Amino acid sequence: MQAPESAVQFTSLLEDFDSALWGHHFVVPAAIGQVFVEGNKRRVVCILNGSKPFQCALMPKGEGAFFINVNKKLRDQLRIKIGSPLEVTLWKDDSEYGLPMPEELEELLRQDEEGHRCLHALTPGKLRTMLYYVGSPKTAETRLIRAVAVVEHLKLMQGKIDFKILMGKKDF
């Protein structure tokens with residue numbers, strides 16, 4: 001995926017909220033963030049310091065500004081820490097889901113009408129959570145196992161997600 005001509009570039013710094021809810025992030029100035037916001041739609045594609053593009057959301061920071069979270073995996077990959085300068089490239093995410101649909105899940109949904117209906121009845125955020133959960137393992141076998149688990153869970157729970165049950169953890 002390459003940045004389109006309409007992409008916006010700017011410089012920011014890696015910061016930390018020092019909060020249990022939000023962590024490492026960078027600020028997107030109000031004037032830039034507003035270019036991408038349409039009602040509740042705030043999904044963008046981002047490149048940091050020339051890295052691989054990733055899909056994310058503009059989160060409101062207050063006073064019209066926004067922030068984008070930067071997870072540990074990306075921070076380690078880019079070797080950045082609090083205060084590191086970031087060359088940011090952003091453009092509107094026009095994808096259907098805001099994350100890639102894992103091939104294994106897509107094929108399963110082609111074969112399972114009820115599973116397709118249940119997954120697509122989820123809120124956009126919960127649907128993205130399921131796409132991330134299924135798509136994050138490195139092996140196709142593990143992605144397929146997770147795809148089957150998610151679809152069967154949704155059907156069993158009548159379209160609802162119980163994360164403790166789905167993830168097989170008591171303390172989720």
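Given the conditions (1) assigned to a helix (DSSP H, G or I); (2) touching a residue at least 12 places away in the same chain (Cβ under 8 Å); (3) under 20 Å from the mean Cα position of the chain (by Cα), which single one is not true for Glu106?
(2)
If Ser6 satisfies every condition in (1) surrounded by 13 or more Cβ atoms within 10 Å (Cβ to Cβ); (2) at negative phi but one, which is the exception?
Result: Ser6 fails condition (1) only.
Residues in the range 64-85 that are within 21 Å of the chain's Cα centre (by Cα) and either outside the structural domain of Gly33 (by TED's automatic domain parsing) or part of a strand (DSSP E or B) (or both): how many?
So the answer is 5.
So which of Lys126, Lys61 ends up being in a strand (DSSP E or B) and among the basic types (Lys, Arg)?
Just one listed residue meets the conditions, Lys61.
Select from the range 85-120 the residues that are touching a strand residue (DSSP E or B) at 6+ places or on another chain (Cβ under 9 Å) and acidic (Asp, Glu) and write down the one among them that is farthest from Ser6 (Cα to Cα).
Checked the range 85-120; the qualifying residue farthest from Ser6 (Cα to Cα) is Glu87.
The values are calculated or read from the model by the stated rules, or taken from the named source; none is laboratory data. In this text, all values refer to a predicted model and were calculated from it rather than measured experimentally. Positions of Cβ are backbone-derived with ideal geometry, glycine not excepted, and every protein chain shown enters the neighbour counts.
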